[in-house]
Amino acid sequence: MKKKVLAAIVMFIWLVVISAFMLLAQQVDLEIFFVLWLIGILVIVELVDTRFSLPSYLRYIKYLVAAGIVLFGGIVAQKILEILAK
């Protein structure tokens, strides 16, 4: 099985597990879901990354990770502002 397909399957399973736990806890929060998704994709990128060549799909995933990190920074800034406003 190719790394690309295996990474997609693992990511799907990770998202299903996250969703199942949120539903069991009866507390669905998109911010927590996003952060856990970002952690999962960072782990997958590190495991799939090759040493000497960079496949095109991995380059696009790294752009996605960069956008996710920017959004994560926005979430953190928003939470800090909420705490300071109290």
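Values quoted throughout were computed directly from the atomic coordinates according to the rules given, and no laboratory measurement underlies them. Just so we're clear, the structure is a prediction, and the values are computed from it rather than from any experiment. Note that each Cβ is placed from the backbone with ideal geometry, even for glycine, and that neighbours are counted across all protein chains shown.
What number of residues in the range 9-30 are surrounded by 13 or more Cβ atoms within 10 Å (Cβ to Cβ) and either in contact (Cβ under 8 Å) with a residue 24 or more places away in the chain or under 20 Å from LYS62 (Cβ atoms) (or both)?
Qualifying residue count, the range 9-30: 4.
Specify the residue that is nearest to LEU71 (Cα to Cα); the eligible residues are those in the range 32-50 that are of a type outside the set (S, T, N, Q) and loosely packed, with under 13 Cβ neighbours inside 10 Å.
So the residue we want is GLU46.
Do you know which of the residues in the range 51-75 that are under 19 Å from TRP14 (Cα atoms) and not hydrophobic (A, V, I, L, M, F, W, C) is surrounded by the most Cβ atoms within 10 Å (Cβ to Cβ)?
That would be GLY68.
With the requirement that a residue be without any contact (Cβ under 8 Å) to a residue 40 or more places away in the chain and of a type in the set (Ser, Thr, Tyr), what does the range 41-86 give you?
Residues satisfying the conditions are THR50, SER53, SER56, TYR60, TYR63.
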